[in-house]
Structures are given as C-alpha cells and as structure tokens.
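Participant: Dumping the structure here so I can ask a few things about it.
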Amino acid sequence: MKFNNRNVFVSSNAKLGNNVKIGDNTSIYDNVVIGDNTIICNDCIIGEPTSAYYKDISGYTNPPTIIGANSMIRSHAIIYAGSSFGNNLVTGHRITIREGASIGKNCLISTLADIQGNCKIGEFSRIYSNVHIGELTTIGNYVFIFPYSIFTNDPQPPSNMLMGAVVGDYSIITVHCSVLPGVKIGKNCLVGANSVVSKNIDDFSYAIGSPAKKLKDIREIYSKQFPEEKHYPWPYSFDRGMPWQGLSFDEWLKNQTEYND
Amino acid sequence: MKFNNRNVFVSSNAKLGNNVKIGDNTSIYDNVVIGDNTIICNDCIIGEPTSAYYKDISGYTNPPTIIGANSMIRSHAIIYAGSSFGNNLVTGHRITIREGASIGKNCLISTLADIQGNCKIGEFSRIYSNVHIGELTTIGNYVFIFPYSIFTNDPQPPSNMLMGAVVGDYSIITVHCSVLPGVKIGKNCLVGANSVVSKNIDDFSYAIGSPAKKLKDIREIYSKQFPEEKHYPWPYSFDRGMPWQGLSFDEWLKNQTEYND
Amino acid sequence: MKFNNRNVFVSSNAKLGNNVKIGDNTSIYDNVVIGDNTIICNDCIIGEPTSAYYKDISGYTNPPTIIGANSMIRSHAIIYAGSSFGNNLVTGHRITIREGASIGKNCLISTLADIQGNCKIGEFSRIYSNVHIGELTTIGNYVFIFPYSIFTNDPQPPSNMLMGAVVGDYSIITVHCSVLPGVKIGKNCLVGANSVVSKNIDDFSYAIGSPAKKLKDIREIYSKQFPEEKHYPWPYSFDRGMPWQGLSFDEWLKNQTEYND
C-alpha cells in the first residue's frame, strides 16, 4: 500500500543502501546516506536544508545526513541535514529533528518529538511522544524520557547564554517535567511526574517536585509487580529491547568497558 | 479549493459512502470504510498499516478501519487501520490515532491529539489540542479532556506492566494534567489545571494538585456567569452539541437507560 | 532542492509578490496575499478555508490572508484564511494558525505552535515550540512565550463564557505554564516554569507557582552572566533581533511613542 513511488523525490546525491524503502510523497535531499534495510515511510523530509540554504541557494552544500541500517522512520518526519543516527532507529510520526543532532544506535523517538539539534543522545535511549529537547542537551545511554517532558537551555531568558542539561545513563524522566538549563541529572535517577528540575541530582536519586528534590534512593523502591523485590536499578528487572535481553544484567555488564559506576 | 482529486490515492479495497469528499494528497488504504457525507481533508492517511505490515508486506491484510457518517476529519490526520469511530466525528489538524482505538459517536478530537490505540472513548466526548492518551485508557461519555493533559500506562517505568486509567461519564480534566496508570476518576469529577492524578477520585469530586486531592464536592461550586446558581453537574448548565440540547437534562435523562448514578 | 514546482497548487486568486518562493507539495488557496521575498516551504497550506466552506462550497468566498514581506514559513504550516501577519515573520515547522489571528511584524512562531485564531499578537514577539494560544488571547509586543505554555479561555469548563488572557509588553512566560482565562499579566513580568497563572500579575513582577504568586520585583534579579548587573527589564541586557539592536534601549525608547510605563 505504501511504497508506490508516487510523488517521491530522491536527490541524485543521496545514497540509499540495499533494500531501502521510501514511502510516497517523501523527499530525500542532497547528501543523505541511508543504511541497508531501512524504511522511510511516506510524507517525510530527510536532509532538510539548514538556514544557510535560504540565504544562498545556488552556493549551498547540504551537510551529510546519516541514517543507519535496519531503521524505521514513520510518516511525516522532518530530519535536517547534518544529523546522524545509529542503526536500528525506530520513530513515531511527525518527529522534527534539527541539524547537528547525534543519536546513537537502537534509539526510539516517538510521535511529535521535537529535537532542536546540536544535541547528543546515546544508545538504546527512548524519547517518547512530544518530548522537546533544546540545543546542547546531552542524554546518555539507556535513558527514558517520557511524554511532554522538556529540556531548556537559556538560564535567564532572554539572554545570550546557552547551557544544555545532561542526563546520565540509565536515568528516567517521567511525564510533564521541565529540566532547566545546565542541570546535571546523574546516572540511575528517577524524576517524578510534573517536576521542575532546577538543581543537580545525584546518582541513584528518586527526585520529584517543583523544584525537584531527592525523596529517597531508588534502590529503596520495591516493585509494584513483585512486591518482595526491588525495582531499581531497572536493568535488573527490565530487559525488553536492551542489549542484556536474555542475559542477566550483571553478566552483560562484565563484558562492557564503558560502565564505571 | 480543496477537493481537486490531486495526488489522491484510494485503495480499490476501500469503501466510500455517498457524497464522501477526499482532499488532495490524501491516501486511503485497504479495508477502510467511510460513512455517507463524510469529509476527509487533504494530506491525511486513513488506514495506516500496523507494524505487522513492514515485516511481511505481501502477506499482510490491513484490519478494517471504520469512519462513521457525517464526519469531518481535518488535514494531516493519521488514523491507523483497526480503529473505529462513530458518526459525527469532528477533528482538528494533525491528529494521530493508532490501531485498536474505539471511539463513539459525536466526539471531537482536536489538533495534535495523540491517541496511542487499544483504548476506548465513549460518545459525545471532547479531546482537545495536544492531549495524549496512552494505550488501555478508557474514557467515558460526555467527558472533556483539555489541552496538554496526558494519560500514562506504565506504573513503574520501565516495566512490563501496562495499566490504563479510567475516566467516568461527565468528568472534566482541565489543562496540563497527568493521569497516572490504573487510576480511576469517577463520574462528574473536575480535575484542576496542572494536577497529577495518582490516586482514585470519587464521583462528584473537585480535585487538584500534585498529587491531586479532593478539595470539595463539585455540587458546591457556584457559576461564574450566574453567581446565584450552581454550575456543576455541568449538564444542567451547558448543552451545546449535547443530546439534551434544547431539552432539560432531566427530561433527556428520563429517556436514557445507561445512566445509573 | 526544495523549490521544484512539484505538486504545487496556487489559486489563480492568490497574489504573490516579487521573488516569492513556494515549496513542493504546498497549496496556496484563494485570496492569499504574500509579500515580496517571502519563502513558503514545502507541504504548507496557506489560506485554509474556514468551517463555512464545508457547508456551502460553491457559495463560499475565502477571507483574505495576508502574509508580509521577507518572511520565512517552514514546512507543514497550516494557516487559515482570515489571518494576517506583519513583515519578517519566521516560523518553525508544523505551525497551525486558525482564522482571525492578527500577528504583528518581526514575530517568531516555532515548531508545533497551535494558535487558535481570533487572537492578537504584537510585534517582535516570540512564540516558541508547542505553545497553545486559545481564542481571544491578546499578547503584547516584545513578549516571549516559552515551550509548552498554554492560554485557555473557558473560565468554568464547560460553559458558554469565553475570556481571553492578556500579556503586557516585554513580559516572559517560561515553560509549561497555564495561563487561565481572563487573567491580565502586566508589562515586564516574568512567570516561572510550570506555573498556573490564575490571578492578575502586576507590572514588573516575578511570579511562580500554582497558583502563581509574586515572589519579587524583577528589577531585583541579578544577571547570571554578569553577576554585578541586574538582568531585568531584559531590554537593557538583550537586543538580538530587537529594534534597539546596536542602540541602547533608552536611546531607542526616546524615539518611541507607544511606550508609556
């Protein structure tokens, strides 16, 4: 139904891997590189030119856009030139990603996510519906950002300062949170719904409120499903889609060198 | 202006009623059924295939999508196969509705609403701009959900539990609220702006805050427009677009069998 | 890359100025007027007909839509007929603007902003990502509204009352705020993150909370960048894109007659 080559535009300077599918009404602009077996659904724009294009259309060269292999980009995505994505990306609909975003392998970016560019997201992280990520934000690996949470970057608006927030590996930001500029959220943190994170949060903290304050150590929280067990750090209790799926987390960790808590 | 049959795709397996209009750049996929006099505006996708399609394109059969009669779906809607809608649906722009949503007659779904599927919405309910409804949520009849309110479904993220919230008939969730997984909001409730609803709320409660707590009975709230009258339950003071429009609510109720407060 | 006249529809009743560019897949409907040097990117709808069109397609006349000169409207915009915009408008992607919006010169309207129409925004104001502006809202000049803040208009939902909020010149509403119907926010105010503004706020107030309360006078707030200086009123410390850029604010003010604090 979806891949009829109807109203499709693919630049002659784009490089498509083997078995790539492009949906109807999609445009792929100059210098886009798409890995093998990736599906781009309909009504997408991949390699959207940056502002410089409009100032000098004939002199402009589109920066490279790298989409990994085995990815699935759902319809109405707008992805700017100059962003790169690891393999196995999955997206919802209507994502907007500006230039200079660097996103690792195996990430999920859900419907209506608005990623402002010049930011970094690690591997196996999940950005849910309608999350807004301001420029200069750095998000680690195995991070979950739930719907309607946002990251800002002007610490005293309006100003000419620009400071990104940082979220450590394995942390979880739940819904409707505002993470303020320059804040560092540690590793293995959990931020409760509707929080305003205005100060740094230490590793292993469960923080909530406006301003968000540490309520307890996440390692004290019991599972709602298995009440005699602890739920956090969550990698010991959840593995769906994670690289330790089918292994124990500790077993997988032994083979990792990056992890240094 | 809008219905020029320009770049329109309608599957030969779709069934369009009498006097249906399809806007330019719209795609109607397999096994979509559209009732009489319905207008689908431009740039829509109706019957978007589910994930199974991408795994086996040639072996896939699109589940049926039912759009009622006398409906108006504004531009850039994405509606998945396997959802059904009663008559007289009205939508804003850019709605996204995943598979398995069951939505009753005479509903409004506004601009940018993001309905994740496998959920149920009753009749005459109004889902306003940018509302996010997670899977397994159940919303009753005559319910109002105002902008940027969201319903979540993982009670301890990340986990493999999935629990939908329930909203009773005639209830109102105002703006920027987070309704947490498995919560039951009763009938005739009013939830104030920016609330986090983490516990059940009894019928006829006005609740607000984070976590939301009952402040008073809604039947104690006076009208801002007619200060000597009570405003809630609202069906006694508001009837625009409701089935009791032009009647008194009590008169209409007498003929209903579903209402059992 | 973008302007190939592919699947473009321009009504014969639209008036395009000199050097206007129209992106692929864009529709420009009847009675749209676009000023010189303006760029409309791809997949836009400009002059979207109002509800009256669907009731009587043949008898309908599209109200005029005025887009100023030197503007840049990014892709997937939906702008209704009957709205007007001053020169030098810049937008993000996927903005939705309903009929009867009156927006002054040099405004920014970012990605996913949802402006419900019959509202007024002054000059040099910046409406960031995912801001929602209800009908009848009035926003002054040099105002900043940051992501996910919303303006509502039904003071006792559901009701037949409709009251817009008002935001005075030079004021700043930060992220995730809800401004309730009929509220007046004065000039030179700063509203903190995640606030619910339910009562009027006096000029020069820094207010925060739910409900938002005045915490201090903005003129008491020091700069985070230059700690020995005051940061607000911000026009003394920030001029990027403002008409006093390169002048001192006081020098510029002397030549203004509208400012009367």
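Each reported figure results from applying straightforward, stated rules to the coordinates on display, with no laboratory input. The structure presented is a predicted model; accordingly, all values stated were derived computationally and were not measured. Virtual Cβ from ideal backbone geometry, glycine too; neighbours counted across all protein chains shown.
Participant: For C:SER159, A:SER71, C:SER178, B:SER51, which order do you get if you count the other beta carbons within 10 Å of each Cβ and list the fewest first?
Facilitator: In increasing order of surrounding Cβ atoms, one gets B:SER51, C:SER159, A:SER71, C:SER178.
Participant: If you don't mind, another one. Taking A:VAL33 in one copy and the same position in all the others, each labelled 7 Å out along Cα→Cβ, what are the pairwise distances from the first, in nm, shortest first?
Facilitator: Sorted ascending, the copy-to-copy spacings read 5.0, 5.0 nm.
Participant: Something else: Determine, for B:ASP169, C:ASP203, the number of other Cβ atoms within 10 Å of each Cβ, and report the residues in order from fewest to most.
Facilitator: With the fewest neighbours first, B:ASP169, C:ASP203 line up as C:ASP203, B:ASP169.
Participant: Evaluated at 37 °C with a viscosity of 0.692 mPa s, what Stokes-Einstein diffusion coefficient in µm²/s does chain B have when Rh comes from the Kirkwood expression over alpha-carbon pairs?
Facilitator: It diffuses with D of about 170 µm²/s by this estimate.
Participant: What residue in chain C has the Cβ closest to the axis turning C into B, and how close is it in whole Å?
Facilitator: For the rotation taking chain C to chain B, the closest Cβ gives C:ASN7, 3.
Participant: Place the label 7 angstrom along Cα→C-beta at C:GLY246 and in each other copy, then list the distances from the first to the rest in nm, shortest first.
Facilitator: In nanometres, ordered from closest: 6.5, 6.5.
Participant: List the distances, in nm to one decimal, from the label point of B:PRO64 to the label points of the same position in every other copy, shortest first, placing each label point 7 Å from Cα along the Cα-to-Cβ direction.
Facilitator: Result, one decimal in nm: 5.1, 5.1.
Participant: In chain C, once you exclude exposed GluC sites (Glu not before Pro) (DSSP loop, at most 11 other Cβ within 10 angstrom), what's the longest stretch remaining?
Facilitator: C:1-227
Participant: Relative contact order for chain C: what is it in percent, counting Cα pairs under 8 Å that are at least 6 residues apart?
Facilitator: 8
Participant: Here's another thing I want to ask about it. Taking loop as defined by DSSP and a crowding limit of 16 other beta carbons within 10 Å, which trypsin sites (Lys or Arg not before Pro) in region B:131-204 fit?
Facilitator: B:LYS199
Participant: Starting at 0 and stepping by 10 Å, how many percent of the alpha carbon pairs of the protein assembly as shown end up in each bin?
Facilitator: Distribution as computed: 3, 14, 24, 28, 21, 9, 2, 0 percent.
Participant: Averaged over peptide B:144-154, how many Cβ atoms belonging to another chain are found within 10 Å of each residue's Cβ?
Facilitator: 5
Participant: Count neighbours as other Cβ atoms within 10 Å of each site's Cβ, and list the trypsin sites (Lys or Arg not before Pro) in region B:1-88 that are DSSP loop with at most 14 such neighbours.
Facilitator: Passing both the DSSP loop test and the Cβ count: B:ARG6.
Participant: Oh, and also: Please give the average number of partner chain Cβ atoms lying within 10 Å of the Cβ of each residue in B:155-165, rounded to a whole number.
Facilitator: Taking all residues of B:155-165 together, the mean is 5.
Participant: Using only Cα atoms, locate the centre of region A:212-261 and the centre of region B:1-33, then give the distance between them in Å, rounded to an integer.
Facilitator: Centre-to-centre distance over Cα atoms comes out at 49 Å.
Participant: From the cross-link list B:LYS187/B:LYS214; A:LYS2/C:LYS55; A:LYS15/A:LYS55; B:LYS230/C:LYS184; A:LYS224/B:LYS216, which pairs have alpha carbons spaced over 22 Å apart?
Facilitator: Cα-Cα > 22 Å for A:LYS2/C:LYS55; A:LYS15/A:LYS55; B:LYS230/C:LYS184; A:LYS224/B:LYS216; rest within.
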